[in-house]
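Notes for the one structure printed next.
All of the numbers you see were taken from the coordinates with simple rules; none came from a lab. Given the structure is predicted, the values throughout are model-derived calculations rather than measurements. No Cβ is skipped: glycine too gets one built from the backbone with ideal geometry, and neighbour counts run over all protein chains shown.
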Amino acid sequence: MSDFWLYIKLGLNHVLDWAGYDHLLFILVLCTAYTFSSWKRLLFLVTIFTVGHTTSLFLSNYGVANVSPTWIEFLIPITILTTAGYNIFRTRRSRSEEKTGPLFFAALFFGIIHGFGFGRYFNQINDEQELMPLLEFALGIETAQIIVVFIVLILVSVSQFFIRFKQRDWIMVVSSIVIGMTIPMVIENWPF
């Protein structure tokens, strides 16, 4: 297997690995409030998250920034809780009231946090600190996230069309389930 496919597969596995489901939970809760009609905006949000993730991998890979793993492991579930809480809060507001700038900034910032979480491991496998493996890994991550986005959008459509779930109810249920799954992660990684 060429190095290109090795790093693409590594990026895919990073997102789609059930053992490290925090990335999946974040993408799930990020997608929950969207439908196929707003797929471009959602794809842009996910790509911004990948840019943040790749930025922190780059900073970590070249020794520009080093963040305590204790804090990163605590902050990752906080990003998931924050996004789920935002979804619940947002169900009370109309889409026209929503400002996109803060949302895109949050996706970028949360991507940076998640990227630092994987930085140490990535540095061990990319010990020569080459740029191409980093970009190939980012491509694998983006591909996996697009797969997850597509699956979530299908689930949203099925729940609304066949089960007659209102979008507001879907957002509340999924976000609440994710909050319930994430609280133990916060407690387990409590740094204080």
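Positive end of the dipole of the chain (Cβ unit charges, origin at the Cα centre): among VAL64, PHE162, PHE36, the Cα lying farthest that way belongs to PHE162. Residues GLU188, GLU128, GLU142, ranked from the fewest to the most other C-beta atoms within 10 Å, line up as GLU128, GLU188, GLU142. When you count the other C-beta atoms within 10 angstrom of each residue and take the mean per peptide, 59-68, 24-33, 174-183, 72-81 line up highest first as 24-33, 72-81, 174-183, 59-68.
Longest segment of the chain with no trypsin sites (Lys or Arg not before Pro) in a DSSP loop having at most 10 other Cβ atoms within 10 Å? After excluding every exposed loop site, the longest remaining stretch is 1-91. Shown for the chain are the DSSP H helices of 30 Å or more along their axis, judged by Cα atoms, with a mean Kyte-Doolittle hydropathy of at least -0.5: 39-61, 69-90, 100-125, 131-161, 167-188.
Of the chymotrypsin sites (Phe, Trp or Tyr not before Pro) found in the stretch 101-170, those in coil by DSSP whose Cβ has at most 10 other Cβ atoms within 10 Å are PHE162. Calculated from the structure at hand, P(r) over Cα pairs in 10 Å bins from 0, in percent is found among [x] 9, 31, 31, 18, 9, 2, 0; [y] 9, 36, 35, 16, 4, 0; [z] 9, 36, 40, 13, 1 as [y].
Note: relative contact order over the stretch 3-188, using C-alpha pairs below 8 Å and six or more positions apart, is 43 percent. Placing +1 on the Cβ of every Lys and Arg and -1 on the Cβ of every Asp and Glu, with nothing else charged, gives the chain a dipole about its Cα centre of roughly 1140 debye.
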